[in-house]
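In what follows, a single structure is set out as structure tokens and then discussed.
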Amino acid sequence: GAGVSQSPRYKVAKRGQDVALRCDPISGHVSLFWYQQALGQGPEFLTYFQNEAQLDKSGLPSDRFFAERPEGSVSTLKIQRTQQEDSAVYLCASSKSLGNEKLFFGSGTQLSVL
Amino acid sequence: DQQVKQNSPSLSVQEGRISILNCDYTNSMFDYFLWYKKYPAEGPTFLISISSIKDKNEDGRFTVFLNKSAKHLSLHIVPSQPGDSAVYFCAAPQEDSNYQLIWGAGTKLIIKP
């Protein structure tokens, strides 16, 4: 498809389990962002890639969170030893420019940690 | 302190009338502001933006007004249509970052037929 694709759409994890969330950005988009959205809140920035380079990871909540984009296209957000407070919708967005003025978002992965 | 606030969790408007969604901010150094629209089970979609050097930007039925002295912006939708029912977020770029957006909590707009 032409849009940003995220998988899985839903993920249920037991506390302590590791999870991996995938993002396929729009082809040719240079910039890729990960956001976390809690229920009833706006998205919160996690990390930013420009091609394969992770230029900003200041929003990652802890060292249990890790993101990569090794070939400058598909990105994976990994959460180790999941905890209940990690439950949220994880949104991926891409942009053809270096800025963040017009982002194209995927539908998100809803993570529930039991 | 850099915050973007949407103080109305929800708004109900009659079809055909004007919808006005409000957003307040704390940092006078924001360069621009964005409005995104989100349907259930979908990601946010860019709607309209405004530069901090302007006080109005219009795109079809959507107009955003910026009042810098009040640190307030509003999104006007006229006339409102059933397909406008969604959650609307305002956002601004964090001053000390090229990549981070700060988002409001969103306002759920319900258009009544």
Study note, to complete from the structure: Taking every C-alpha to C-alpha distance in chain B and binning by 10 Å from 0, the per-bin percentages run 15, 49, 30, 6, 0
Review point. By what distance, in whole Å, do the Cα atoms of the range B:11-65 stretch along each of the three principal axes, largest value first?
Key: 35, 27, 21
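Size of the dipole of the range A:5-102 about the Cα centre, Lys and Arg at +1 and Asp and Glu at -1 on the beta carbon, nothing else charged, in debye to 20?
Numbers: 12 positive and 11 negative charges, 65 e Å.
Using Cβ point charges on Lys, Arg, Asp and Glu, the range A:5-102 gives about 320 debye.
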Point to revise | Fluctuation leader among A:80, A:36, A:50 - chain A, Gaussian network, Cα springs under 10 angstrom | key: A:80
Check your understanding: So what is the orientation-averaged projected area of the protein assembly as shown, using the convex hull of its C-alpha atoms, in nm²?
Key -> 12.5
Point to revise | Cβ charges +1 (Lys, Arg) and -1 (Asp, Glu), total dipole of the protein assembly as shown, debye | key: 580
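Averaged over A:43-53, how many beta carbons belonging to a partner chain fall within 10 Å of each residue's beta carbon? The partial results should precede the final answer.
Details: counts 10, 4, 7, 1, 2, 4, 1, 2, 0, 0, 0.
Going residue by residue through A:43-53 and averaging, the value is 3.
Within the set of other residues whose C-beta is less than 15 Å from the C-beta of residue A:54, count the net charge using Lys and Arg as +1 and Asp and Glu as -1. Mind dumping the intermediate values first?
Values: positive: A:57, A:69, A:78; negative: A:52, A:56, A:63, A:68, A:71.
Neighbour charge sum, excluding residue A:54 itself: -2.
How fast does chain A diffuse by Stokes-Einstein, in µm²/s, taking the Kirkwood radius from C-alpha pairs at 20 °C and 1.002 mPa s? Could the numbers behind the result be given before it?
Details: Rh = 13.9 Å.
Translational diffusion coefficient: 154 µm²/s.
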Revision key, fill the gap. Across B:92, B:41, B:70, the residue with the highest GNM fluctuation in chain B (Cα network, 10 Å cutoff) is B:41
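Report the charge-dipole magnitude of chain B in Debye, nearest 20, computed about the Cα centre from +1 at each Lys and Arg Cβ and -1 at each Asp and Glu Cβ.
Values: 11 positive and 11 negative charges, 74 e Å.
Roughly 360 debye for chain B.
Values quoted throughout were computed directly from the atomic coordinates according to the rules given, and no laboratory measurement underlies them. Here the structure is a predicted model, which means the values were calculated and not measured. Don't worry about glycine lacking a Cβ; one is built from the backbone with ideal geometry, like all the others, and counts go over all protein chains shown.
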